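Here's the structure, in structure tokens; my notes come after.
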Amino acid sequence: MSANERIRQQVTSNPVVLYMKGSPAFPQCGFSGAAVQMLKACGVDRFYSVDVLADPEIRQGIKDYANWPTIPQLYVNGEFVGGSDIMREMYQSGELQKMLEPAKA
């Protein structure tokens, strides 16, 4: 299965997916850590995460998949939302909380 196919399967099989550096328990960069904290602040305690540092094919593939150059990347219900900067703007406006309301676990 190609990286693109694996990514498509991951984002369509899980309501909330975060491609990040490290894990939710041990983020490996500040932006990934901020993304995890925003999800938790929105009440999303369980989400599917992918450590791009563990898989170079996915690390490059996710950038190509969304045509977005940075990581982390958030997907909700199969749709690309954005990176930590977009998440922060959406969180501050209340838009992220509304988007994630049905995904709370």
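Here are a few things to note about the model shown:
- Top-ranked residue in region 64-84 [being in a helix (DSSP H, G or I) and under 12 Å from the mean Cα position of the chain (by Cα); ranked as nearest to Ser2 (Cα to Cα)]: Ala66
- Test for Asp45: is it closer than 22 Å to Gln9 by Cα, acidic (Asp, Glu) and part of a loop (DSSP other than H, G, I, E, B): yes
- Flag if Met99 is surrounded by 12 or more Cβ atoms within 10 Å (Cβ to Cβ), touching a Pro at 6+ places or on another chain (Cβ under 8 Å) and without any contact (Cβ under 8 Å) to a residue 60 or more places away in the chain: no
- Test result for Gly22, in contact with an Asp or Glu (Cβ under 8 Å, 6 or more places away or on another chain), of a type outside the set (A, V, I, L, M, F, W, C), surrounded by fewer than 19 Cβ atoms within 10 Å (Cβ to Cβ) and at pLDDT 95 or above: yes
- Here region 42-54 is the region considered, the condition is being aliphatic (A, V, I, L, M) and in contact with a Leu (Cβ under 9 Å, 6 or more places away or on another chain), and the residue that is farthest from Phe26 (Cα to Cα) is Val44.
The values are calculated or read from the model by the stated rules, or taken from the named source; none is laboratory data. Note that this is a predicted model, so its numbers are computed, not measured. Cβ coordinates were reconstructed from backbone atoms using ideal geometry, including for glycine residues, and neighbour counts include every protein chain displayed.
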